Amino acid sequence: MVKTKATDIEKVWEYLEEVTDPEIPVLSVVDLGVVRDVQIEGEQVQVTITPTYSGCPAMNTIATDIKLKLLSEGFAKVSIDLKLSPAWTTNWLSEAGKAKLEAYGIAPPVEPEGDIHALFGRNTTVRCPLCQSENTRLISQFGSTACKAFYQCNECLEPFDYFKCLK
């Protein structure tokens with residue numbers, strides 16, 4: 001039996017930091033929190049991923065990109081395990097990922113437990129990623145992708161995506 005070194009697993013995680021989300025290319029799949037686990041047994045590397053929501057069209061691309069990256073770095077056998085439970089949550093976004101989202105022009109999630117304000121007829125206060133104003137308004141619960149809502153800043157008048165809170 002071949003023993004796995006902790007450094008091998010650490011190296012895989014480093015390589016995964018270089019695999020970007022196809023819909024938000026400033027985020028790595030690690031920043032996004034879709035990579036849940038890495039296991040190595042002998043020459044077999046298994047990466048467990050969870051989609052941001054079931055049916056996410058980017059997951060096939062993410063799985064392929066992970067495989068290609070690890071194969072190009074010399075790992076002989078790579079498998080991807082798609083795990084739906086527990087469901088992905090925006091709590092899995094890294095703090096660095098949230099900062100990258102904002103710098104890219106997408107407001108990061110603001111509610112740690114999911115966006116419950118709508119249940120009470122109140123809007124979530126979302127800061128504009130461009131001018132930092134909290135004087136914004138929801139235009140549509142549906143943004144450029146299913147995981148984003150569409151907002152507009154009332155100060156700078158710019159529209160922007162908001163990464164919806166999912167719990």
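Roughly what % antiparallel, to the nearest 5, for the DSSP beta bridges in the chain? Working shown, then result.
On the way: 16 of 24 bridges.
Counting DSSP beta bridges with both partners in the chain, the antiparallel share is about 65 percent.
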Between Thr136 and residues 5 or more places away or on another chain, which pairs have amide H atoms under 5 Å apart, with H built 1.01 Å from N, and which residues are they? Val126, Asn154
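Using Cα pairs under 8 angstrom and six or more residues apart, how large is the relative contact order of the chain, in percent?
Numbers: 300 pairs, mean separation 29.6, N = 167.
Once divided by the residue count of the chain, the mean separation gives 18 percent.
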Ranked from fewest to most other Cβ atoms within 10 Å of their own Cβ, Thr50, Thr61, Thr20 fall in the order Thr61, Thr20, Thr50
Might you list the cysteines of the chain that have no disulfide-compatible partner by the rule of another cysteine's Cβ under 4.7 Å? Cys56, Cys147, Cys165
Tell me the trypsin sites (Lys or Arg not before Pro) within the range 1-86 that lie in a loop according to DSSP and have at most 11 other beta-carbon atoms within 10 Å. Lys3, Lys5
Where Rh is the Kirkwood radius over Cα pairs, Rg/Rh for the range 6-82: 0.94
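Could you work out the per residue convex hull volume over the alpha carbons of the chain, in cubic angstrom?
Values: hull volume 18.7 nm³, N = 167.
For the chain, the hull spanned by Cα atoms encloses 112 Å³ per residue.
Which value, in debye to the nearest 20, gives the size of the charge dipole of the range 1-73 about its Cα centre, when Lys and Arg are +1 and Asp and Glu are -1 at the Cβ? Let's see the in-between values first.
Details: 6 positive and 13 negative charges, 42 e Å.
Roughly 200 debye, rounded to the nearest 20.
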Name the residues whose placed amide hydrogens come within less than 5 Å of the amide hydrogen of Arg36, ignoring near sequence neighbours (fewer than 5 apart) on the same chain. Thr48, Ile49, Thr50
Taking alpha-carbon centroids only, the range 20-39 lies from the range 124-138 a number of Å equal to 25
Phi angles of the range 30-39, converted by Karplus (6.51 cos²θ - 1.76 cosθ + 1.60, θ = phi - 60°) into ³J(HN,Hα) in whole Hz with x for Gly and Pro, give 6, 3, 5, x, 7, 7, 9, 7, 10, 10
With DSSP loop assignment and no more than 11 other C-beta atoms within 10 Å, the GluC sites (Glu not before Pro) in the range 2-71 are Glu43
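All of the numbers you see were taken from the coordinates with simple rules; none came from a lab. Since the model is a prediction, treat every value here as computed from it, not as a measurement. Note: ideal-geometry Cβ built from the backbone for every residue, glycine included; neighbour counts use all protein chains shown.
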